[in-house]
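Reading through the structure tokens given below for one structure.
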Amino acid sequence: MEGSVINQICASMDSFFDTEKKIGDYIVRNPKKVVDMTVGELAKECGVSEASVSRFCKRIELKGFHHLKISLARELVDAKDDGEISGHISVDDMEGSLRGILSNKMEELRQTVAMIDREELKKILDVINNADTVLMAAVGNTIPVAMDGAYKLNQIGIRAMSTPIWETELGYSYNLTDKDVVVAISNSGESTGVIQILEAAKSRGAVAISITNNARSSVAELSTYHITTATREKLFLDGYCFSMVSATMVIEIIYLLLASMRKESYESIVRHEQAMAYTKE
């Protein structure tokens with residue numbers, strides 16, 4: 001399936017030059033208008049040259065402006081059943097805001113699942129299932145996703161660890177072996193801390209798996225296997241650059257499929273829940 005243009009723009013926004021950001025921002029906020037525009041009209045609205053628009057299309061791996069319009073039109077048709085996808089957020093329009101947030105999150109999840117390579121996912125599941133230890137690595141705002149992943153893997157009997165302390169993650173990664181796996185979670189895929197952890201783990205022979213919004217990122221390129229997540233945050237706030245929804249969805253998919261593969265997973269979950277039962281009294 002061809003990836004979403006809006007997702008691609010949102011995922012790449014932080015790496016765009018200023019001119020590209022103007023174009024990208026206008027497109028994600030006004031996809032319906034862009035479908036009916038000429039290249040000159042879009043250039044005028046963004047305050048850039050027509051050549052800049054053409055270069056932008058190539059930057060996001062489209063053949064040209066016509067290809068951009070066709071791709072946007074297709075996305076709008078596909079998303080119609082889920083409601084209008086809008087970046088408008090206002091407490092004065094609570095109903096419209098809630099619908100917009102829901103539509104965008106549904107689209108994030110739909111696109112994330114659609115972009116998963118089924119054969120690669122099978123390999124990822126096999127590698128994790130047979131690993132001695134799985135290090136769920138993250139820094140900053142992706143830490144909760146990594147810790148949730150480690151919790152879920154331990155719950156079904158797969159030894160896993162994660163920590164919010166980067167120095168501890170890095171130290172642990174140097175003690176991995178070729179029987180271990182590191183799962184790196186990063187929004188942009190350019191986190192220096194995550195890159196260092198991956199490099200350390202790979203130097204020890206560990207298999208590297210990554211979950212990012214950008215399949216061409218440094219983190220993705222360092223990994224043997226990669227899962228791309230969709231993102232729509234730039235539709236809401238320019239400074240809001242990460243949603244845990246898509247990455248958490250990927251972790252949930254991996255967890256559920258692994259649980260179905262492992263005969264002992266149910267017993268492990270029951271044992272795990274019983275051990276913690278006293279905390280729920």
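The figures follow:
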read-out	value
Reachable lysines from LYS33, criterion Cα separation under 16 angstrom, eight or more residues apart if same chain	LYS22, LYS44, LYS69, LYS80
Distance from the range 213-228 to the range 11-41 (C-alpha centre basis), Å	24
Residue of VAL194, VAL127, VAL77 that the Gaussian network model of the chain assigns the largest fluctuation, springs spanning Cα pairs under 10 Å	VAL77
Mean ellipticity per residue at 222 nm, deg cm²/dmol - from DSSP H runs of n ≥ 4 across the chain, formula -39500 (n - 2.57)	-17500 deg cm²/dmol
Vicinal HN-Hα couplings computed from phi for the range 158-164 (Karplus, 6.51 cos²θ - 1.76 cosθ + 1.60; Hz; Gly/Pro x)	9, 5, 8, 9, 7, 8, x
Signed unit charges on C-beta, dipole axis of the chain, positive-most listed residue TRP166, ASN187, VAL39	VAL39
Ranked packing of 51-61, 208-218, 257-267, most packed first, by mean Cβ within 10 Å	208-218, 51-61, 257-267
Highest-first arrangement of 17-25, 147-155, 180-188, where packing means the average Cβ count within 10 Å	180-188, 147-155, 17-25
Carbon plus sulfur fraction of accessible area for the chain, probe 1.4 Å, in percent	54
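The values are calculated or read from the model by the stated rules, or taken from the named source; none is laboratory data. Being a predicted model, the structure only gives us computed values, none of them experimental. For neighbour counting, all protein chains shown are included, and Cβ atoms are generated from backbone atoms with ideal geometry for every residue, glycine included. Surface areas here come from the heavy atoms of the whole protein model, side chains and all, with no ligands, DNA or RNA. Shrake-Rupley method; radii C 1.70, N 1.55, O 1.52, S 1.80 Å.
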